[in-house]
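Reading through the structure tokens given below for one structure.
The values are calculated or read from the model by the stated rules, or taken from the named source; none is laboratory data. Model, not experiment: these values are computed from the prediction. As a convention, Cβ positions derive from the backbone with ideal geometry for all residues, glycine included, and neighbour counts pool all protein chains shown. We work out accessible area using only protein heavy atoms, side chains counted, and drop any ligands, DNA or RNA first. Shrake-Rupley method; radii C 1.70, N 1.55, O 1.52, S 1.80 Å.
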Amino acid sequence: MSDVLEFAGVGVRRGGNALLDDIDWSVEEGERWVVIGPNGAGKTTLLQIAAARIHPTTGVAGILGEVLGTVDVFDLRPRIGLASAALAERIPPEEVVRDVVVTASWAVTGRWREEYDVMDTGRADELLRTMGVSQLADRRFSTLSEGERKRVQIARALMTDPELMLLDEPAAGLDLRGREELVGRLSVLALDLESPAMVLVTHHVEEIPPGFTDILMLREGRIVAAGPLEVTLTAENLSTTFDLPLVVEKHGERWLARAA
Ligand SMILES: Nc1ncnc2c1ncn2[C@@H]1O[C@H](COP(=O)(O)OP(=O)(O)OP(=O)(O)O)[C@@H](O)[C@H]1O
């Protein structure tokens, strides 16, 4: 299995409810996927499987050439960069920003961490620079604005040089300027051939960064449509996904949607 993600008939059930049902999905190297859908559609659940944080109830989830359930997830997780609100909530408020980034690698290197300290700190600083927040390296995480926190989380997710990058609603809670700056940064990452495969969860087509290639549209735990953005992100598919008549437009490299 050489795909980054290869899901076949994946389902997740909790308390008699199907959170995900019969998901067939494949993500190849170099692809950048958007996962879109309304509240409760199952997006975060899907990402949790891709992050090897939960197992499917049914079906087979292939991740980075391994089959979930037959592999030690502690070997798999360091190969995956994850930025999510749930993860951010676990960051101690007193933690200094540079450490928020660098500890992603300590989790991987474990007992070797003393030897890797200088290299790790250098890489953390470089990633903070890439995300445009190097001036915040010595600040406490709790003192950052929401937009600054999001960028630090993305730097952290990149710290281990992952083969797969998962971003759960990276623009949620940002003001217009913050959103646009983040979309710009993510676009630079998406267009960089050296970047890992990426999956970005969002509610809004306006948040799709240029350079993203494909879209998975989810509703009530099932796939409405999946494939290349240009042909899949249609008014019809988006209307079905959100159960509302919608108009979709593309302006330059950006997408817009509104009620029909
Ligand atoms: N442990 C659980 N037990 C029962 N239901 C659950 C559990 N976890 C999630 N759900 C339900 O599963 C559905 C999908 O949740 P999920 O968080 O994956 O959706 P989402 O698309 O990410 O939603 P949002 O856009 O609101 O973040 C929701 O209706 C949620 O209430």
Inset, instruction - Any chance you could look up the accessible area of T70 with a 1.4 Å probe, heavy atoms only, rounded to 10 Å²? - result: 110 Å²
Inset, instruction - Within the set of other residues whose C-beta is less than 13 Å from the C-beta of P92, count the net charge using Lys and Arg as +1 and Asp and Glu as -1. - result: -2
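In a shell of Cβ-Cβ distance under 13 Å around L19, excluding L19 itself, what net charge do Lys and Arg (+1) and Asp and Glu (-1) give?
Details: positive: R13, R14, K43, R219, R222; negative: D21, D22, E220.
So the environment of L19 carries a net charge of +2.
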Legend entry - Residues whose placed amide H lies under 5 Å from that of V201, excluding near-sequence neighbours: V35, L167, D168, E169
Inset, instruction - For the stretch 1-70 and the stretch 193-232, write down the distance between their C-alpha centroids in whole Å. - result: 14 Å
Legend entry - Cα→Cβ-extended label distance, 7 Å offset, between D24 and T143, nm: 5.4 nm
Legend entry - Ordering of 41-48, 216-223 by packing [mean C-beta count within 10 Å, highest first]: 41-48, 216-223
Inset, instruction - Provide the gained length on full extension for the span V231 to V67, in nm with one decimal, where the gain is 0.36 nm per separating residue minus the Cα-Cα distance. - result: 56.0 nm
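Explain nothing, just the number: relative contact order of the chain, from Cα pairs under 8 Å at least 6 residues apart, as a whole percent.
Relative contact order comes out at 24 percent.
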Inset, instruction - For R129 paired with T57, estimate the spin-label separation in nm (one decimal), with each label point 7 Å from Cα along the Cα-to-Cβ line. - result: 4.9 nm
Inset, instruction - Determine the share of the stretch 5-259's accessible area contributed by carbon and sulfur atoms, expressed in whole percent, with a 1.4 angstrom probe. - result: 50 percent
